[in-house]
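The values are calculated or read from the model by the stated rules, or taken from the named source; none is laboratory data. Everything quoted here is computed from the prediction, not taken from an experiment. Here Cβ is always computed from backbone atoms with ideal geometry, including for glycine, and neighbour counts include all displayed protein chains. Only protein heavy atoms, including side chains, enter the accessible area calculation; ligands, DNA and RNA are left aside. Shrake-Rupley method; radii C 1.70, N 1.55, O 1.52, S 1.80 Å.
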Amino acid sequence: MNSLFLSPQHVLQGGYFNSTLRKLQEPNTSIEPHNIMYPIFLLEDDDAVQPVSSMPNVFRYGLNKLIPALGELVNKGLQSVLIFGIVEKLPKDSRGSSADCKDNPVVKALPKLRQAFPQLTLASDVCLCPYTSHGHCGVLTENGVIDHEPSVKRIADVALAYAKAGAHIVAPSDMMDNRIKAIKDALVANKLQNQVSVLSYSCKFASAMYGPFRDTMKSSPMAGDRKCYQLPPGSAGLAARAAERDVAEGADFLMVKPGLPYLDIVRQTKDRYPNHPLFIYQVSGEYAMIAQQKDSNEMQTILLETLTCMRRAGADCIITYFAPLVLSIISKQ
Ligand code: PB1
């Protein structure tokens, strides 16, 4: 017998034969409430609640229905939410004017959510696509391409409106170049720079996994696609440069989106910027793929394995529609 196979340092199984030892072998992968952020869809109609057909157990809420639903989750330990406004009555126009008007559901809800849940961290997604007639995330020129300067100005205006309304975090998902600096400058000019954080969707890819979200938000581009401002799925280089750009412009937190297929980008980003909390957005298509599991125990096992791998790759916080289920699982552990 070759002596290599007998040498003790090559015997690994002595290090993980029970759950305690296995936990010691999995540092920085625990999933606690602060590692989870819950995305929520907010309707204009305060008394409405609508299931999202392509995402089982996900709903679109009016504020009066959202508050009791959030109350149950806050009691289970929910620490943060990410709010997306949906408009069906307010007009959609070329510059997304309804994004920051006084009747915008997010602008109206933030102060009430602050009052109802003083300990809950409220993040607001900042983008024009739910509010533009063309469905793009920025303002367009006459020939239908992103008009950079007005797009950045609009995104900064919308972020400031949500900050003034009570958001603790503004999260620009538009992917416009230089919007982070514009938002930071607006917060400083309004003396909000030490009360509102900027969570940049820094490494957001032009993924095919946003379908269920776009269906429920009615936020698909009317023409073309988002490949000219969301990153090419194969480009680690652009992801590195996007994170570098946003760190230089003052982003407080970074993000990789989608999650599971992009864990190499998560690791790359965490290694380059270890001092910036890093978020993963487990997007609607990822949710649908796991939620379709027929056996609920199997689905939960797959979910926890996925979240553990996201934490191992370097995620500090995971934005997930599974937040209610994760909180239930955690509370039973
Ligand atoms: O869950 C999801 O699919 C998230 C989709 C995401 C929300 N931030 C964006 C993706 C897209 O529709 O291009 C919305 C863009 N502002």
Using alpha carbons only: equivalent-ellipsoid semi-axes of the range 258-333, gyration tensor based, whole Å: 23, 13, 10
Please sort 130-138, 87-95 by packing, taking for each peptide the average over its residues of neighbouring beta carbons within 10 angstrom, highest first. 130-138, 87-95
Considering only protein heavy atoms and a 1.4 Å probe, what is the carbon-and-sulfur percentage of the accessible area of the range 2-332? 54
Members of Lys65/Lys184; Lys65/Lys257; Lys218/Lys332; Lys108/Lys184 lying beyond 31 Å, as alpha-carbon distances in this model show: Lys65/Lys184; Lys218/Lys332
Cβ-based charge dipole, the range 192-273, positive-most Cα from Leu238, Gln193, Pro221: Pro221
Along each of the three principal axes of the Cα atoms of the chain, give the extent in whole Å, ordering the values from largest to smallest. 76, 42, 39
Mind checking the range 151-203 for trypsin sites (Lys or Arg not before Pro) that DSSP puts in a loop (not H, G, I, E or B) and that have at most 16 other Cβ atoms within 10 Å? Lys191
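Can you show me the helix-derived [θ] at 222 nm for the chain, built from DSSP H runs with n ≥ 4 at -39,500 (n - 2.57) apiece and divided by the number of residues, rounded to the nearest 500. Display every interim value, and only then the final one.
Working: 11 runs with 127 residues, N = 333.
Calculated mean residue ellipticity at 222 nm is -11500 deg cm²/dmol.
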Run through every distinct alpha carbon pair of the range 152-300 and return the Kirkwood hydrodynamic radius in angstroms, one decimal place. 16.3
Convex hull projection area averaged over all views, the range 76-203, Cα basis, nm²: 8.2
Accessible area per residue in Å² at 1.4 Å probe, computed on the chain: 46
Between 0 and 90°, nearest 10: helix 179-189 axis offset from the chain longest Cα axis: 70
Cα axis of helix 236-249 to longest principal axis of the chain: angle in degrees, 0 to 90, nearest 10? 60
Sorting check: for 229-240, 20-31, which peptide has the highest mean count of neighbouring beta carbons within 10 Å, and how do the rest follow? 229-240, 20-31
His148 versus Gln119: modelled label distance in nm, points set 7 Å from Cα along the beta carbon direction: 4.6
